[in-house]
1. Counting other Cβ atoms within 10 Å, which trypsin sites (Lys or Arg not before Pro) in region 83-117 have at most 13 and lie in a DSSP loop?
2. Compute the Rg/Rh shape ratio of region 2-76: radius of gyration over Kirkwood radius, all on alpha-carbon atoms.
3. Amide H to amide H under 5 Å from Ile117: which residues, 5+ apart in sequence or cross-chain, H placed 1.01 Å off N in plane?
4. Nearest-5 percent of antiparallel DSSP beta bridges in the chain?
5. To the nearest 500 deg cm²/dmol, what mean residue ellipticity at 222 nm is calculated for the chain from DSSP H runs of n ≥ 4 alone, each contributing -39,500 (n - 2.57), summed and divided by the residues?
6. Applying a 10 Å radius around every beta-carbon, put 2-8, 51-57 in order of their mean neighbour count, most first.
7. What residue among Leu159, Leu86, Leu22 has the largest mean-square fluctuation in a Gaussian network model of the chain, using Cα springs under 10 Å?
8. Solvent-accessible area of Ser19, probe 1.4 Å, all protein chains present, reported in Å² to the nearest ten, please.
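The values are calculated or read from the model by the stated rules, or taken from the named source; none is laboratory data. In this text, all values refer to a predicted model and were calculated from it rather than measured experimentally. Because the Cβ atoms are built from the backbone with ideal geometry, glycine has one as well, and the counts that use them run over all protein chains shown. Areas reflect the complete protein model, heavy atoms only, side chains present, ligands, DNA and RNA absent. Shrake-Rupley method; radii C 1.70, N 1.55, O 1.52, S 1.80 Å.
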Amino acid sequence: MKKLILVTSPPACGKTFISKELAKAIHGIVYLDKDTLIKLSNQIFKVAGQEINRSSAFFEENIRDYEYEVIVDLALEALEYDDKVLINAPFTREIRDLAYIRALKEKLASKGAILCIIWVETSIEVCHQRMIERNSSRDTWKLQHWDEYIKGCNFNPPLALDDPYIKDDFLIFKNSSDAEFRQSLKDLVPILEA
């Protein structure tokens, strides 16, 4: 069966590394990363004469939702040609919007595909340290305003998405240590390949 896999979590939980490792381990998968669109988004900031701030009102109003729309459209198109597509993106709001998830599942069903959501579970302290270490311009505002930023993040898994009768609709990938990472990779790959 065709499958769209969303790897989600707040920033700096390890989504990109995990997504790439999953993509390497799963045979015949298309890998898409929403961060690929950042270059285009930064150009929009520049043309509009705005500071590059992915936490700003300008970003929220003019860029954010379009990035998600584009990456999902690319995934839906890719499912025309391959059985599995993985998107690496936070989906912070969408993942808790049951109407959004229901509509996405309907779009996927029309293509004979199902949705699988992987929530990357990482402690806030580990995320903070990883954000410092990755030293990315997209995190400048977040790190400078850490207390304000972290109040707006929800590190609780969106358990409302988990149907206990469906094995691969919602999976948790534990990633606060190397041992957790290795065990989660070992446990999840066979489920995702099924």
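1. Qualifying residues, ordered by number: Arg93, Lys111.
2. 1.02
3. Hits under the 5 Å cutoff: Leu6, Phe170, Leu171.
4. About 0 percent, rounded to the nearest 5.
5. Dividing the helical sum by the residues of the chain leaves -13000 deg cm²/dmol.
6. Answer by packing, highest mean first, reads 2-8, 51-57.
7. Leu159
8. 0
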